[in-house]
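Below you'll find the structure, written out as structure tokens, and then a few comments.
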Amino acid sequence: MNTFIFKTPTSVDDAINLNASGPSRFLAGGTTILDLMKCNVEDPQQLVDISRLKALRDITFTQNTMRIGALVRMSELASHAECQRRAPAIYDSLWQAASPQLRNMATIGGNLRQRTRCAYFRDPATFPACNKRQPGSGCSALDGINRGHAILGGSEACVAVYPGDLAVALTAFDAQIVLRNAQQQERRVPVEMFFLLPQHTPHLEHDIAADEMIVAVEVPLSSALKHSHYMKVRDRASYDSRRPVRPWGLRCMAIPLAISVLRWGRCD
Ligand SMILES: Cc1cc2nc3c(=O)[nH]c(=O)nc-3n(C[C@H](O)[C@H](O)[C@H](O)COP(=O)(O)OP(=O)(O)OC[C@H]3O[C@@H](n4cnc5c(N)ncnc54)[C@H](O)[C@@H]3O)c2cc1C
Ligand code: SF4
């Protein structure tokens, strides 16, 4: 890992301003960004540690909406009784993800911004060709082992898939991501619009500007959500990152199947 500047802002606006000031990344739970720095996929000059910002750690319910602060841990949301009762598909998508140790560290904002698990993307020393990592360099996966790559939504430039679970459930129930910028303005983006298809620019993954931070996710509460379920198809349910078969779902099957099951579950 290369050297970097480490900042510890005490407010959300400080954090946004610091991050906007140069090649920089937020550090939330650190379970993705530190991995990417260790395998030389990302090399930020600065990390802005937002993990202690209490303002983004609330889970609140109104009559129509569940609002989840960006720094709520996956395990905190999964163990929230109201989330389990009123949003079972979201609860299911959380407890089936990663391991208990990871869920205790990983945040909701960081989960939405995790990057692909394409093995070629994460091994720059062996596979220099990766348009997502280095635009214009090619795609090692096209002629490689691509069992876990995209059937739908890929392009000639990139066939990687998004590996997260939570975003699938959020998309099915029309959730919105709340972004805040350096001018203290907020905008809301539907989750399905937040994730960009690779097309000719696979290095651009999310609809988020350099001076924006995810501050919350808002989920409309509905009868459909209350009677929902999230189903994950994978090689096996147990977690063991040492073996060749990893815990992430077989995305090309899991995503459409999960959404279909959720849609069938509508009963209002
Ligand atoms: C072995 C392993 C198995 C896993 N299995 C699964 C799985 O089965 N399902 C699943 O869904 N996930 C899985 N994950 C991914 C895991 O859920 C993510 O690593 C985690 O959610 C990231 O959250 P974090 O808080 O640690 O993010 P960080 O590592 O701190 O940050 C990740 C990225 O998000 C950015 N970021 C963080 N917070 C914000 C914010 N508020 N606004 C804007 N940008 C932000 C950071 O700058 C960074 O680029 C797995 C991870 C590992 C290591
Ligand atoms: S599929 Fe995408 S992420 Fe994987 S090697 Fe090709 S360009 Fe890179």
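Where a number appears in this text, it was derived from the coordinates with a stated rule and is not lab data. Note that the structure is a prediction, hence the values are computed from the model and not measured. With ideal geometry, Cβ positions are generated from the backbone for all residues, glycine too; neighbour counts draw on all protein chains shown.
Things to note:
- Scattering curve values for region 64-131, log₁₀ I(q)/I(0), Debye with Cα scatterers, q = 0.11 Å⁻¹: -0.36
- In this simple spin-label model, placing a label point 7 Å from the Cα along the Cα-to-Cβ direction at both LYS38 and ARG234 gives a separation of 1.9 nm.
- Inter-part distance where region 6-29 and region 201-235 are each reduced to a Cα centre, Å: 22 Å
- Candidates per trypsin sites (Lys or Arg not before Pro) in region 11-105, loop by DSSP, up to 12 other Cβ within 10 Å: ARG52
- Cα-derived Rg to Rh of the chain, Kirkwood definition: 0.95
- Annotation for region 171-186 versus region 60-112: alpha-carbon center distance of 17 Å.
- Once C-alpha pairs closer than 8 Å and six or more residues apart are averaged by separation and normalised to the residue number of region 55-264, the relative contact order reads 25 percent.
- Within region 173-201: backbone nitrogen closer than 19 Å to the ASP211 label point (7 Å, Cα to C-beta): 178-189
- At least 15 Å along the helix axis (C-alpha) and Kyte average at least 0.5, DSSP helices within the chain: 251-264
- Annotation for region 119-228: chymotrypsin sites (Phe, Trp or Tyr not before Pro) lying in DSSP loop with at most 12 further Cβ atoms inside 10 Å of their Cβ do not exist.
- Added length on full extension, which subtracts the Cα-Cα distance from 0.36 nm per residue, GLU192 to SER223: 9.1 nm
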